[in-house]
1. Filtering the range 56-76 down to residues that are touching a residue at least 12 places away in the same chain (Cβ under 8 Å) and surrounded by fewer than 16 Cβ atoms within 10 Å (Cβ to Cβ), which residue is nearest to residue 105 (Cα to Cα)?
2. Here are the criteria: (1) closer than 24 Å to residue 25 by Cβ; (2) without any contact (Cβ under 8 Å) to a residue 12 or more places away in the chain. Tell me which single one residue 138 does not satisfy.
3. Looking at the range 128-149, is at least one residue surrounded by fewer than 17 Cβ atoms within 10 Å (Cβ to Cβ) and within 23 Å of residue 39 (Cα to Cα)?
4. Return the only residue of 53, 98, 85 being within 13 Å of the chain's Cα centre (by Cα) and either modelled with pLDDT under 90 or surrounded by fewer than 17 Cβ atoms within 10 Å (Cβ to Cβ) (or both).
5. Residue under question is residue 10, and the condition is that it be free of Cβ contacts under 8 Å to residues at least 24 places away in the same chain, exposed (fewer than 14 other Cβ atoms within 10 Å of the Cβ) and outside any loop (DSSP other than H, G, I, E, B); does it hold?
6. Residues in the range 3-25 that are modelled with pLDDT under 95 and under 28 Å from residue 152 (Cβ atoms): how many?
7. Hey, does the range 103-119 have a residue that's in contact (Cβ under 8 Å) with a residue 40 or more places away in the chain, outside any helix (DSSP H, G or I) and over 16 Å from the mean Cα position of the chain (by Cα)?
8. Go over the candidates 75, 63 one by one and state the one that is farther than 25 Å from residue 167 by Cβ and either outside any helix (DSSP H, G or I) or within 17 Å of the chain's Cα centre (by Cα) (or both).
């Protein structure tokens, strides 16, 4: 592991994302998902609910399985943290969950998903909600695939459809915050119902 550790900052939120580990750019920039994978991740959420990267970072607490860059493999790719490194870093994640008491946790990538549930295949995880208890705290778990450009999973079927389903589940979760300037969730739902009724009335006349 290579210091410094990377943190998303002290955000008071009932929603937590859990990434895998920083890449080589994140320790330099000083925030998680600061490079190519981050651009993809924030584009997903902007498309799902109109939230910008700046709004996301200001409203959602961003944690990770490991906080330091694991280094490179002999082939030049980012190294996956080993089991001892994951255990060493676990107390940080456990403390964050204990302090924030989240009601929704979003693990991003298979390594992060496996911290909470057994993840054999992404097709069995993505787009589904799990009731999880971690270190004595219960919350909903809605996994996402890793947005890495090296993985084609989220760009191909059934991954593309499952990703869309997962994002809809997340932004419709009761704990998901609404960006400033948008109506409260109840008003947004009522507006959608009224719009649907209006469309039905027009089609019937």
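The values are calculated or read from the model by the stated rules, or taken from the named source; none is laboratory data. Fair warning: this is a prediction, and the values are worked out from it, not measured in the lab. Positions of Cβ are backbone-derived with ideal geometry, glycine not excepted, and every protein chain shown enters the neighbour counts.
1. Initial filter on the range 56-76 (touching a residue at least 12 places away in the same chain (Cβ under 8 Å)): 56-72.
When the remaining residues are screened for being surrounded by fewer than 16 Cβ atoms within 10 Å (Cβ to Cβ), the result is 58, 71-72.
On the way: 58: 16, 71: 27, 72: 28 Å.
Residue satisfying both the conditions and the ranking: 58.
2. So residue 138 meets the others, but not (1).
3. Within the range 128-149, the first condition is being surrounded by fewer than 17 Cβ atoms within 10 Å (Cβ to Cβ), and the residues that meet it are 128-133, 135-138, 149.
Adding the requirement that they be within 23 Å of residue 39 (Cα to Cα) leaves 149.
Yes, there is a match, as at least one residue in the range 128-149 is surrounded by fewer than 17 Cβ atoms within 10 Å (Cβ to Cβ) and within 23 Å of residue 39 (Cα to Cα).
4. Working: 98 fails: within 13 Å of the chain's Cα centre (by Cα); 85 fails: within 13 Å of the chain's Cα centre (by Cα).
Exactly one residue qualifies, and that residue is 53.
5. No; evaluated as a whole, the condition is false for this residue.
6. 9
7. No, because not a single residue in the range 103-119 is in contact (Cβ under 8 Å) with a residue 40 or more places away in the chain, outside any helix (DSSP H, G or I) and over 16 Å from the mean Cα position of the chain (by Cα).
8. Numbers: 63 fails: farther than 25 Å from residue 167 by Cβ.
On inspection, the qualifying residue turns out to be 75.
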